[in-house]
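Q: Handing you a structure now.
The values are calculated or read from the model by the stated rules, or taken from the named source; none is laboratory data. All values reported here derive from a predicted model rather than from experimental measurement. Calculation scope for accessible area: heavy atoms of the full protein, side chains included, ligands and nucleic acids excluded. Shrake-Rupley method; radii C 1.70, N 1.55, O 1.52, S 1.80 Å.
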Amino acid sequence: MNEDQMIQFYERRGTYPECGEGWYQLILDLDGKISSIEPGYRVDQVKEKFGGLRFYYDQININDDDRERVDKLVDAAEEKSFTICEVCGVSDSTVTTSGHSWVKTLCAEHRNK
C-alpha cells in the first residue's frame, strides 16, 4: 500500500486512519464505495478498536435510503476487518489475539512476533 494514497485520503476526508497498514486497502475500497453515493462526505475518525476497524463519517447529505446503504457498507467493512491482518493485509489464516489490555487482528506470522 502506498503511503501517498493515505495522504490523499486525509486530504479528501479530513482525517488519517489510526490503524495498521494492513487495513489501508479496505479503507480505500470503502471510501470509493461511499464516494459513489456522496462524493463530498467527510470522515470523523478511522481507527482500530477491540481488534476491528471503526469508521465514523459525518457531513453526509443524502436521503434515508442512501444513508442505509452507506451504513451497510461501513458495517460490512468493519466486519471484514476481523478477517484481515492489521499489519500486512493478509486475509487468510487470520486470528484475533489479545494481550494484557488489547485485542488485535493479526495473521499467524505477526501474531508470533
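Q: How far is helix 64-80 tilted off the main Cα axis of the chain, in degrees rounded to 10, range 0 to 90?
A: 10 degrees
Q: Just from its helices, what would the mean residue ellipticity at 222 nm be for the chain, if runs of 4 or more DSSP H residues each count -39500 (n - 2.57) and the sum is divided by every residue, rounded to the nearest 500 deg cm²/dmol?
A: -12500 deg cm²/dmol
Q: Quantify, in whole percent, the carbon and sulfur part of the accessible surface of the chain (1.4 Å probe; protein heavy atoms only).
A: Values: 2890 of 6570 Å².
Percent of accessible area from carbon and sulfur atoms in the chain: 44.
Q: Still on this structure: Determine, at each q value in 0.21 (inverse angstroms), the log₁₀ of I(q)/I(0) that the Debye formula gives when each Cα of segment 72-113 is one equal point scatterer.
A: -0.63
Q: Could you give the accessible area per residue of segment 1-41, probe 1.4 Å, as a whole number in Å²? Present the calculation step by step, with values, prior to reporting the outcome.
A: Numbers: 2050 Å² over 41 residues.
Per-residue accessible area for segment 1-41 comes out at 50 Å².
Q: Here is a further query. Taking only protein heavy atoms and a 1.4 Å probe, what accessible area per residue, in Å², does segment 50-113 have with all protein chains in place?
A: Solvent-accessible surface per residue comes out at 64 Å².
Q: So what is Rg over Rh here for the chain, counting just Cα atoms and using Kirkwood for Rh?
A: In the chain, Rg relative to Rh is 0.99.
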